[in-house]
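Below is one structure, written out as structure tokens; comments come after it.
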Amino acid sequence: MNKILVIDDSKVHLLMAGKFSHELNPEIEVVSATSGPEGLSLFEKNKSEIRLALIDYNMAPMNGYEVLEVLVKDLKPSQVVICSANVQQILAEKIKALGSQFIAKPLTKEKLRALLEEHNLI
């Protein structure tokens, strides 16, 4: 089973990611969490099946970059995407320096389609 991990404190973003993922590929299972620690716990339970992680940057108690730093120990950096409405060039460069991607919110079906295609999930 191919799974996508979505970590975001916005329930709307979690719902959108799940809805769009299912519409684009009904075989994908979305594993979602509302905080970094919860997301990392879910990742540990599902790590062999996680193919892509979408992480909000602005969260507490861990921000998305802190979650990214943990996830890249087990995932390729390119499999981790930071999403944020707070588009700062310095932040985007910092994320890209680790080999990960940054996309601006809102998450659209088209943005998700591009990510899924890039990771051979559709």
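The values are calculated or read from the model by the stated rules, or taken from the named source; none is laboratory data. Predicted model only: the values in this text are computed from it and were never measured. Cβ atoms come from the backbone with ideal geometry, glycine included; neighbour counts cover every protein chain shown.
Tabulated data for the structure shown
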read-out	value
Check on L42, at pLDDT 95 or above, more than 22 Å from N120 (Cα to Cα) and surrounded by 15 or more Cβ atoms within 10 Å (Cβ to Cβ)	yes
Residue in segment 66-86 that is surrounded by the fewest Cβ atoms within 10 Å (Cβ to Cβ), counting only those that are within 13 Å of D56 (Cβ to Cβ) and out of contact with any Phe, Trp or Tyr (no Cβ under 6 Å at 6 or more places or on another chain)	N86
Selection status of K111, within 13 Å of the chain's Cα centre (by Cα) and modelled with pLDDT under 95	no
Listing of helices (runs of 4 or more DSSP H) fully contained in segment 26-122 that carry 3 or more residues being without any contact (Cβ under 8 Å) to a residue 60 or more places away in the chain and under 19 Å from L14 (Cα atoms)	36-46, 64-71, 109-118
Among the residues listed as L52, L15, the single one being at pLDDT 95 or above, of a type in the set (A, V, I, L, M, F, W, C), surrounded by fewer than 17 Cβ atoms within 10 Å (Cβ to Cβ) and within 20 Å of I122 (Cβ to Cβ)	L15
Residue check for M1: in a loop (DSSP other than H, G, I, E, B) and either among the hydroxyl-bearing types (S, T, Y) or modelled with pLDDT of 95 or more (or both)	no
Sole exception among (1) touching a residue at least 12 places away in the same chain (Cβ under 8 Å); (2) surrounded by fewer than 16 Cβ atoms within 10 Å (Cβ to Cβ); (3) within 24 Å of I122 (Cα to Cα) for F20, by number	(2)
